[in-house]
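Where a number appears in this text, it was derived from the coordinates with a stated rule and is not lab data. All values reported here derive from a predicted model rather than from experimental measurement. With ideal geometry, Cβ positions are generated from the backbone for all residues, glycine too; neighbour counts draw on all protein chains shown.
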Amino acid sequence: MQSPLIPNLSDQEISAIDNEIAHAPCRAAVAIDALKIVQSHRGWVSDASLQAIARHLHMSAAELDGIATFYNLIFRRPVGEQVILLCNSITCWIKGASQIQQQISARLHIGLGETSADNQYTLLPVTCLGACDRAPVMLVGEQLHTHLDDAALELIFRSREEAEE
Amino acid sequence: MPVIRIDGQDYEVKEGDNLLQACLGLGLDLPYFCWHPAMGSIGACRQCAVVQYQNAEDQRGRLVMSCMTPVSDGAIFSLAGDKAATFRQAIIESLMTNHPHDCPVCAEGGECHLQDMTVMVGHRDRHYRGLKRTHRNQNLGPLIQHEMNRCIACYRCTRYYRDYAGGTDLAAMAAHNHVYFGRHEDGVLESEFAGNLVEVCPTGVFTDKPLQQEYTRKWDLQSAPSLCTGCAVGCNTLAGERYGKLKRIHNRYNSEVNGYFLCDRGRFGASFVNHKQRLDWAGRRSANGRFDAIDSDQALQHLAAACQRGGLAGIGSPRASVEANFLLRTLVGADNYSPGFSAAEQPLVELALSLQQQTRALIPSIKQIESADAVFILGEDVTNTAPRIALALRQSVRNIAYTMAAQLRLLPWQDAAVRNLAQEQRNPLFIAALADTRLDDVAAATLHLAPADIARLGHAVAARIRTARAHSPATLSPNKVSPNKVPPNEVMDEALQQQADTIASALLDAKRPLLLSGTGCGSAAVMAAAADIAAALGSPAAATVTKGNVNNSDSDSDSDAENSSTTASKVDSDAAGPAVMLCLAVPEANSLGQALLTGPSAPTLEALTVRAVGGEIQTLLVLENDLYRRGPAADIERLLQHVAEIIVIDSLDNPTLSASTLALPAASFAESEGTLVSMEGRAQRHFPVFLPAKERRASWQWLLACLQAISHPRTTDLQHFDDVTNACASDIAALANITKAAPDHLFRNAGLAKVPRQPHRYSGRTAMGANVSVHEPKQAADEDSALAFSMEGVNQFQPGALLPFVWAPGWNSNQSLHKFQTEVGGPLKGGTAGAKLLQQTGAADDHAAPLSPSAFKPVTGQWLLVPRYKIFGSEELSAHSPAIAQLLLPAYLEITAADAERLQVDEGDGVQVMDSASGATLATLEVRINDTMADGCAGYSVGHSAHQGSIFNLVAGTGVALQKADPWQRRTQSAPGADLIATDSPTNSNTAAPGGPNHV
């Protein structure tokens, strides 16, 4: 029985998911893509969104939640406008990723896994961004920033603030 | 058989086993977590590591996981080798880094597999000083307690719940060292078999919630081998008591019946034993209508006097033991004894018995049901009427996976590989039912039909099989196809005929086809149709399988041949034709025993009523039976009003007891010994777990005392329970084998001692009653069984029927079971409990098939009442268990959305149910919309209390008219489950704890 309490997916989301289903052997096979699609529209995957996806894919919510929570980059809690993924893997670590993290934390007043008060940024560590030759690196939204140091950080955040103003 | 060398010693082991299984079977101690005998190996926990050597020269060896290593001739292993022992210790140490060490407050403590394994590997010192990860627990409903911090991530819970039991609402969440096993959000676990998590979880993540209300450790429980009285499957249980209260039910392994698992009705439905409305004293209604407690001797005198006055009749009970029923029948005489079924039920149960007696098909045990390779269910909603069978059917549809695996030389215990190989491929399971069932997700096809149409479909399948057989030269069936066996083909719907063809060809292709039906849809025609298909499929081969299958030892050897799916392929089916199985469910724990006791044409309740109205009955004795559940209240009152003396022996207060003139307090199943006959005709014995309190006595004791008080000739030499069993066995030929259900009271273990009900660590024996008296009481004696109310004795070597608990040195948990088995997953060393009673003639297979009923034609404005069972609520006694009472729904009527619209009612509204013929209102029930209901049918919840609190009585097959009830006080708050759906707000997210972005 469909409960009216579970919100529907948007037409856009549904058509994107159905597009994936067309290429898959069974509906449940597109679970990860469906989660990514909904997250790209809503920023994160709430319980209600998850239930709506599960219903659309004919899966149980528990089964889909098992998949959603397995992946670090499917967000099951709200995140800020921009997610900062700061690499802390070996190369970036050698090149001073810890100091970079301190800088960011000091600037935005957030620790790892936290969202800034203005809801602009969420800071998360990541294992590798595939740009070790330009370490230390971080991803802000979809923008990769390399060769990070104090000056670079200053520039990144200042320019973003200015862009907003 | 391959010979392997373990630590310098040679052992013969079974081909195809894995090393862990082999070691445990040999009695060697080897720690493990993720492996489970019923679920195979996945090699996840790395706990069972051993050293394997290349050859005799190899001094170094390499670590292998024993659960993933097949035994092969000449292989050399070491369990004790340093490398393996150190590794195993390190594994436990790493598991323990996040374990809270909260054993003193953990309900698993004292029977914890994790504790046992930790001690076994010798991990003593905690080196880890860091923080432990913590989780938020979920409320999983009234049955199961959740404490995730104790988890060691062995994945057994989800493997059991999802892979084995088919549940969808429990999953492994998140990753790394914060894996979380739970639901998407708080809520009652949906599976009817969720309670097994308590025994499957190797530590204290999932524990028995009702037990925790008044907790007792395993070592303080007094236990006895018992039986579940919740349905007719006859699952074996271990019931545990402390301070005069039944504390819990655990599974008692029986390789033929319940194996390792119970259903939740069985596990949590027995605490009606502790109900405050239990009858404690005998009572007599005085002249002013009041009920006074009286002395038991006095009560007995009244009873004896009443029995001597003449005009005596008795009503037995399908939920009371064979012995109590036999004594009542002896007391009142066979002509005056009614087995206590309802008018509708009696012919159905008698038919179920005679169909089973007259078929050549095998009457399968649960283990044999698991081996079926094609199943057709006719009308029975087994998940709700005989739940444990539904779990077995879920295994049967996986047999194709083992066949595929065998072709690739993949061993059946390679669980992940075998499941991956088969994916969604399943053996065919066809369900023709009144509406949706909980097995639909694994069914090849489900059809929702009225009973008559289910029967027609069945006969059409049988006809199709006969036609196919007639044209096949290979089959020389003794029952030649006679034209009159083919039911009239007249107006068979074309789509239905196609379905019949599909089902017939699947059954014809099968080597072990199973036909499953029963009394659950209230139709004799449906059961007859199932038997007809079995007859059509039947062959001489099937007959040879069943012929020897009458006593205990034979059934053992049978089962060896049919040892699980692993070896199913080598059963004698290829050459000799298929081994057809016919399984018919009956309603109650001793329904079949009653049918065997009385034989056909026993007086019905109606017959007794007629005689009572005619003034022939002055005294009516009612044994453990609430008559108001057996017929419309008006009919029952008519019977009771015409009887001067109504004597009721029962345990729990009910309307019949309230109507009695003399009430005698009966001991429950947990306080008495008795034999029950399960639906497959297996006689099994339950033993008293503890002595009945106050003046409660076993029903057979009340009746025997009465018989002796009136010097009844049949009972002068009867003294012990066994004497009654023997008398019954010698008087009733059909019950001759009940004496083999368990050893008698003279049995002594190892020739010396009784079997102790208390573990050797039982504490406080002399102090438990100190609040009453500081003097040490004498231990109670048990004159009627070979079990003792004591710690002294031997709990080893005895027959399986006398196993009161499982414990072995170093193995405090239920995992010690392998020490009691001949091999892992095999029969108990002492032999399988129980004795099969049914003698099969095969006569029916040569008779003309019963004619198919005519098609059901829905009439606008009229509905056919059909029964809908619920695992919680349809059974009388379990519904009184406090934990289960929280899950009960109010009585309801299921109709389709279209019908609801026609009646202008919505879910939760009231609807008046009126007899079409008489126009009389039968009941007013809450509407539930179920679009899968067969056209023209309305499903009523069987056994549920109606809104006045009394048991309504609707009869399956009645034509009724429906009308919106106005005014109506809604009984359920909202649609079931709606309150469990979260809103979009982040604060309401329960599952964010295990996963979420900030878990790093």
Value of D in µm² per second that Stokes-Einstein yields for chain A, Kirkwood Rh from Cα pairs, at 10 °C (1.306 mPa s): 91 µm²/s
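Cβ neighbours within 10 Å, averaged per peptide: list B:262-269, B:346-353 in order, most packed at the top.
Ranking the peptides B:262-269, B:346-353 by packing returns B:262-269, B:346-353.
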Residues residue B:308 and residue A:10, FRET efficiency given R0 of 60 Å [Cβ-Cβ distance, rounded to 0.05]: 0.15
Using only the alpha carbons of the stretch B:349-441, determine the length spanned along each of the three principal axes and report them from longest to shortest in whole angstroms. 47, 30, 18
Per principal axis, descending, Cα span of the stretch B:863-964 in whole Å: 38, 27, 21
For chain B, count all C-alpha to C-alpha pairs, find those more than 55 Å apart, and express that count as a whole percent of the total. 13 percent
Tell me which residues come under 5 Å, amide H to amide H, from residue B:204 once H is placed; ignore anything under 5 positions away on its chain. none
On a 0 to 90° scale, report how tilted helix A:61-70 is relative to the longest principal axis of chain A, with both axes built from alpha carbons and the result rounded to the nearest 10. 20 degrees
Hey, can you grab everything whose amide H is under 5 Å from the amide H of residue A:82? Only 5+ residues off in sequence or another chain; H modelled, so Pro and N-termini drop out. A:121, A:122
Antiparallel DSSP beta bridges within the protein assembly as shown, percent to nearest 5: 55 percent
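Let me confirm one metric for peptide B:182-194, namely the mean number of other chain beta-carbon atoms within 10 Å of its residues' beta-carbons.
What the average comes to for B:182-194 is 2.
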Cβ neighbours within 10 Å, averaged per peptide: list B:124-130, B:49-55 in order, most packed at the top. B:49-55, B:124-130
Rounded to two decimals, what is the ratio between the C-alpha radius of gyration of the stretch A:11-70 and 2.2 N^0.38 Å? 0.98
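What trypsin sites (Lys or Arg not before Pro) does the stretch B:364-438 have in DSSP loop regions with at most 10 other beta carbons within 10 Å? Intermediate results must be reported in sequence, preceding the final value.
Details: sites: B:367, B:388, B:394, B:398, B:409, B:419, B:426, B:438; in loops: B:398, B:409, B:426, B:438.
Passing both the DSSP loop test and the Cβ count: B:409.
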Compute the helix-to-body angle for A:97-108: its Cα long axis versus the longest principal axis of chain A, expressed 0 to 90° and rounded to tens. 80 degrees
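Find how much the distance from residue B:419 to residue B:468 grows on full extension, using 0.36 nm per residue of separation minus their present alpha carbon separation; answer in nm with one decimal.
Extra length from residue B:419 to residue B:468 when fully extended: 14.3 nm.
For the stretch B:49-154, which GluC sites (Glu not before Pro) pass both filters: DSSP loop (anything but H, G, I, E, B) and at most 16 other C-beta atoms within 10 Å?
Passing both the DSSP loop test and the Cβ count: B:57.
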For chain A, averaging the sequence separation of alpha carbon pairs under 8 Å that lie six or more residues apart and dividing by its residue count, the contact order in percent is 17 percent
In whole Å, what are the Cα extents of the stretch B:675-770 along the three principal axes, biggest one first? 46, 33, 30
Please list, in order along the stretch A:135-141, the HN-Hα scalar couplings obtained from phi with the Karplus expression 6.51 cos²θ - 1.76 cosθ + 1.60 (θ = phi - 60°), rounded to whole Hz, x for Gly and Pro. 4, x, 10, 8, 10, 10, x
In nanometres, the difference between 0.36 nm per residue of separation and the alpha-carbon distance of residue B:857 and residue B:716 is 44.9 nm
Tell me, what is the FRET efficiency for residue B:766 and residue B:125 to the nearest 0.05, using R0 = 35 angstrom and their Cβ-Cβ distance as r? 0.40
Label-point separation, residue B:773 to residue B:82 (7 Å along Cα→Cβ), nm: 6.2 nm
In the stretch B:109-132, whose amide N lies under 11 Å from the spot 7 Å out along Cα-to-Cβ of residue B:28? List them in ranges. none
For the stretch B:93-116 and the stretch B:411-425, what is the centre-to-centre distance using only Cα atoms, to the nearest Å? 32 Å
Over 10 Å intervals from 0, what percent of Cα-Cα pairs in the stretch B:896-944 sits in each interval? 24, 57, 19
Among the listed pairs B:367/B:511; B:754/B:829; B:209/B:778; B:14/B:218, which are separated by more than 25 Å between their Cα atoms? B:209/B:778; B:14/B:218
Convex hull projection area averaged over all views, the stretch B:3-95, Cα basis, nm²: 5.6 nm²
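Can you compute the equivalent ellipsoid semi-axes for the protein assembly as shown, i.e. the square root of 5 times each eigenvalue of the Cα gyration tensor, sorted largest first and rounded to whole Å?
53, 36, 32
Let's see if you can work this out: charge +1 on each Lys and Arg Cβ, -1 on each Asp and Glu Cβ, no other charges. What is the dipole magnitude of the protein assembly as shown about its Cα centre, in debye to the nearest 20?
1900 debye
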Averaged over all directions, how much area does the convex hull of the C-alpha atoms of the stretch B:737-874 cover when projected, in nm²? 17.9 nm²
